[in-house]
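The values are calculated or read from the model by the stated rules, or taken from the named source; none is laboratory data. All values derive from a computational prediction rather than experimental measurement. Here the Cβ positions follow ideal geometry from the backbone for every residue, glycine too, while neighbour counts run over all protein chains shown. Only protein heavy atoms, including side chains, enter the accessible area calculation; ligands, DNA and RNA are left aside. Shrake-Rupley method; radii C 1.70, N 1.55, O 1.52, S 1.80 Å.
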Amino acid sequence: MTQADSNFDTPAMRQYRVFKDQYPEYILMFRMGDFYEMFHEDAKIASRELGLALTSRSKGASAVPLAGIPYHALDSYLARLVKAGHRVAICEQVEDPKEAVGVVKRDVTRLITPGTLTDETLLDRNEGNYLAAIFAPGGATGEGGDGEKKDAKPQAGLAWVELSSGAFWTMLVPCEHLLDELVRIAPAEVLIAEGSAHDEQSYRASIRQCTNAAVTSRGAWAFDMHTAMQQLREHFHVHTLEGFGFDAYEPSLSAAGALIEYLRETQKTALAHIAQLRKFQRTSHMAIDGNTLRCLEVHRTLRSNQRAGSLLACIDQTCTGMGARLLERWVTFPLTNYSQIVARQDAIEELAEDPRRLHALRELLKSASQIDRIAANIALARVRPREVVALGQTLTMLPKLAAMLEGIASELVTELAPHLTGLDAPAQLIAGAIDPDCPNILREGGVIAAGYDLELDRLRSIGHDGQRWLAEYQAAEAQRIGVPNLKVGFNRVFGFYIELSHLTADKAPPDYIRKQTLKNAERYVTGPLKQYESEVLTAEERARALEADIFEKLRLALATHLAAFQAAAEALATLDVLGSLAQLARHRGYKRPKITQDNVLRIIGGRHPVLAEQLREQFVPNDVVMDAKDNRLLIITGPNMAGKSTYIRQVALLVLLAQTGSFIPADEAMIGLADRIFTRVGAADELTRGLSTFMLEMVETANILNNATSRSLVILDEVGRGTSTYDGLALAWAISEHLALRVKCRALFATHYHELTELESLLDGTKNLNVAVREWADEVIFLHKITTGGTDRSYGVHVARLAGVPREVIERAREILPQLQAHLAEGLDMPELAERARQAAAQLNLFADAPARIARELKGLDLNNLTPLEAMNTLKRLKSEL
C-alpha cells in the first residue's frame, strides 16, 4: 500500500484495490454512484486517451490521481480505449445502495479486450472482429521456415472466433505460413502460449507488425491437449468432437480450447451462441500470403492504409453488415473447388438476369438488422431493447424474402429458403412484448408494450393517473362525510393527508386518523390514502423492476431460438453477397468467366476492377493469353508510368475475383484454377525487421520459388532492381529460367531489364510483351496498351520531366544518356564520362550567377548617353552571355 492509499483508506478504496490486484493489466472502471471512476495509473491513462480532467482525492504527497466518466457515457469511452489498444475491466455495483449494509457490494462483471467486443457501438459494421489463438507444438513459431527442408513442414494449430456472432473455426497450417493466415483472418487480438517461442518478445512483435493485433500471452496450461479438449467437451456438452469432424486430436484443438477458456474468463457468462466448431479446409481455398493481400490492395490501399480505394471497397454492393463481412471472407479466401465456384456463378447469373426480382430482394435486405450480432447479445445477456425490436422486424420480413426465392433454379439459393421460415413465434412474441418506440436503455422504462402485462399497466397507471385518483377520492370523501370543502394534500413529513376546517372537524369519521393540528384546520390520514401513497411513491421504481424481469424472461425465451437466428443470419448474408455480386455485374457490365481445370488463362478486354471504375472511359482494357505450353512466362517491358504494374496486378485481381465466384470486368475470360497467387510488387525498407529493400525483395522471391507449383499464378515487378545492374540482371534472368523450366507456372514479369527479352528465343513457353508508346514532336504519349514483342527504351528522362524534376537536371540527363548508352554498347571509359560530367558542372558553376550579374549591369547603364548602336551591341552581348 502506498502512502497515498494509506491516507485515503476507505472501505470503497480497499474494495477497489482487491479488484485491481486481480486484474492488474486492465484499466479498472469502478462504479461509484452515477460514475465509473479510475485511480492511480489507470486515471492517468484515461486522462491522456480520453481527454478527461485528471483530479485527485486529497492533496499533496497523499494525493490519489482520479478520473471519471458518467455511467451513461460508458460505450463511447470504451470504444476509444479499446481502439487505443487497452483492456478494460468493468466493476459494477451488484447491490442496491439503498439496501446495502456498509460498503456496496461490487464485482467485475466483464473484461473487455480488442478481440472480445460485442456492442454494436464498438464494432465496425463491415468488418469482423476476431479473437485468434495459435499453438505450435514443440515451440515452432512460424516466424520463417527459411532453413527448413521443403518436405519438413511442421503443422501449427490456429483457431479463431467472432464473439459478436458466434462463428468459430479451426485450421491446421504449416508453421511457415502461420503469419500469412493470420494476416488473412485479420484478428483484433491473438492468444499465444507463454514460452511458445525462443524469443517471445520478437515473436509478439512479428505478430503485431503483420496483423496490427493485440497479442495476449496465456499460461501454457491453457493450450495443454487434455485441458483444451476438456474445455471444448464441456462447452459443447459432448463426449467426443467427432461430430465436428475431428476423429483425433490435432494442434488446432489446443488453440480452440484456449479460446474458450479465455472467453469464459473475460465474459463471465454463458457462451451458448458459440454452438459450432467448423474445421476450415485450407486446401479448398486459394492460398494468399499477407504480402499478396497488401500488394493487391485487397483490404487496404498501400498509400493510405485505408479501406477506401481497396478492392473490397470498390466491389462491395451489399445491403447488410452481415453480407459485407461475408463478402470480405469470400474475397480473402477464394475457392479452388470447381463445383463450388460454378454454383456461385449460377446463382449470380440467375439473379442478374431477373432485375425486378433482384431489386425487390435488395430492397428487403436493406431493412434487415444484424441478427447474428443481436443473437450473440441475447446469449450474452447484453441485448438492448431496440436490438430486440430490430430483430422482430427482420423476423417478420423473412417470409416475404423466402417467397421471392420461389422459382429460382440455383441450388445455392434454394438451399437458403428453409432457413428464412419458421420464425413466426419469436416474431409475434417480440411484437406483442416490446414497444416499437422504446428507448434503447432498459432502465429508462417504457420498453414493455402496453397491454402485455396487467400488473405493469396498473403500476404505470398509478403514476400517469395519480392526480385523477386523488381528485376522485377527494370528491367521494366530501360526499361521504358531507363536507364540500374537504381537501386532499401532500407534504414531505407524513405524505398525503385530508384537511378539514375546525368548523367541520366534528364530522371526521372514526377511520380518519388525526396527524396534525393547525390554527384553522385539522389534518388526517386514512387507510386508502396511505395505501395509495405507498403505491404511488414506489410505482415507478417497481414498474422498472418489473419491466427488467419481463425483459429478462423475454430474452430467455428468445435464447431458445439462437440456432435458428444464426442460420437465418447466414442465409441472409449469403443472399446479400450473391445479390451484391449480381448487382455489380449488371451495373458495371461484368462478364461470367469460364472456369476450367486446364492450366490456362485467357482474358479478353480485361480491366482493373478499381482503376477502371475510377478512370471510367479513360481506362484502356488489355488482353492476356497464357497456357501451360507456349505462354507460361510473359516478359513485359516498357516505360515507367505506362501501365506494366497495373497490368500484372489486374491479371491477379481478375483471377482472384473469378475464384471468389464473381463475374469480372472483361469482355470474355477462361480461367484455369490457381492454387495460389504470389506477388513480388514493390517494397519499402522495413527497418523494424532489419531488412533492406533488396533483402526483403529476395526473401519474398525465395518464398515464391520455394512454394509455387505449376498451378500457381506469379506476378513479379522489377525484381533485381535493388542491387547493382549486373547482379540484378543476372538474378532476374535466373529467376525467369527457374519459373519457366522448373516450376512451369503461369507468371508475368514486368521489368526494365530489356535484356530479358532474349529469353523468348531461348526458353520454351516464354513470350515478350510491351506497353505501346507513341513519340511525337519531342513528346512521348503512353497508350497503356499491351502489345506483343519487346522494347529497348524506358523513357525515364521523359517521366522525370513529367514529375517536375528541374529543367537543368533533365537537360543534363539527356546529354549523359547517349554517353552511357555508348559506354554499354561500345566500351566508352567511365573516367572519360566522369571528366565530361566535371566539365559540365564547372560550366554550370561559372554561369550560376549570370542573371544577377546581367541585372546589375543593366541597372548601371546610362541610357540617356548610349547611342542606338551602342545599346544594340550591349543588348546582343548580354543576350549571348545569358
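Structure data summary
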| read-out | value |
| --- | --- |
| Any hit, region 322-345, residues being free of Cβ contacts under 8 Å to residues at least 40 places away in the same chain, assigned to a loop (DSSP other than H, G, I, E, B) and either of a type in the set (D, E, K, R) or open to solvent by 10 Å² or more (accessible area, probe 1.4 Å) (or both) | no |
| Unmet criterion (only one of (1) part of a loop (DSSP other than H, G, I, E, B); (2) surrounded by fewer than 14 Cβ atoms within 10 Å (Cβ to Cβ)) for Ile408 | (2) |
| Residue in region 189-197 that is of a type in the set (A, V, I, L, M, F, W, C) and either within 17 Å of Leu293 (Cβ to Cβ) or within 17 Å of the chain's Cα centre (by Cα) (or both) present | yes |
| Members of region 304-316 found to be open to solvent by 10 Å² or more (accessible area, probe 1.4 Å) and either touching a Gly at 6+ places or on another chain (Cβ under 8 Å) or hydrophobic (A, V, I, L, M, F, W, C) (or both), listed by number | Ala308, Ala313, Cys314 |
| Qualifying residue in region 286-298 (condition: under 25 Å from Leu653 (Cβ atoms) and open to solvent by 50 Å² or more (accessible area, probe 1.4 Å)) | yes |
| Hey, Arg443 at pLDDT below 90 and surrounded by 15 or more Cβ atoms within 10 Å (Cβ to Cβ) or not | no |
| Residue among Leu546, Leu556, Leu537 that is open to solvent by 60 Å² or more (accessible area, probe 1.4 Å), closer than 22 Å to Gly446 by Cα and at pLDDT 90 or above | Leu556 |
| Which numbered condition Thr283 misses (of (1) touching a residue at least 40 places away in the same chain (Cβ under 8 Å); (2) among the β-branched types (Val, Ile, Thr); (3) more than 22 Å from Met225 (Cα to Cα); (4) surrounded by 16 or more Cβ atoms within 10 Å (Cβ to Cβ)) | (4) |
| Qualifying positions in region 85-103 - open to solvent by 30 Å² or more (accessible area, probe 1.4 Å) and farther than 18 Å from Tyr23 by Cβ | Glu95, Asp96, Pro97, Lys98, Glu99, Val101, Gly102, Val103 |
| Hits in region 240-266 (condition: over 16 Å from Phe135 (Cβ atoms), part of a helix (DSSP H, G or I) and open to solvent by 10 Å² or more (accessible area, probe 1.4 Å)) | Glu242, Gly243, Phe244, Arg264, Glu265 |
| Lone unmet requirement of (1) crowded, with 20+ Cβ neighbours inside 10 Å; (2) at pLDDT below 95; (3) part of a strand (DSSP E or B) for Ile134 | (2) |
| Elements of type helices (runs of 4 or more DSSP H) contained in region 562-677, each with 1 or more residues being closer than 29 Å to Thr709 by Cβ and not aliphatic (A, V, I, L, M) | 644-660 |
| Residue tally, condition exposed (fewer than 15 other Cβ atoms within 10 Å of the Cβ) and not in a strand (DSSP E or B), over region 517-529 | 5 |
| Matching residues, region 204-233, being among the aliphatic types (A, V, I, L, M) and part of a helix (DSSP H, G or I) | Ala205, Ile207, Ala220, Ala222, Met225, Ala228, Met229, Leu232 |
| The lone exception for Asp180 - which of (1) modelled with pLDDT under 95; (2) surrounded by fewer than 18 Cβ atoms within 10 Å (Cβ to Cβ) it fails | (2) |
| Qualifying residue in region 412-422 (condition: outside any helix (DSSP H, G or I) and within 14 Å of Met322 (Cβ to Cβ)) | yes |
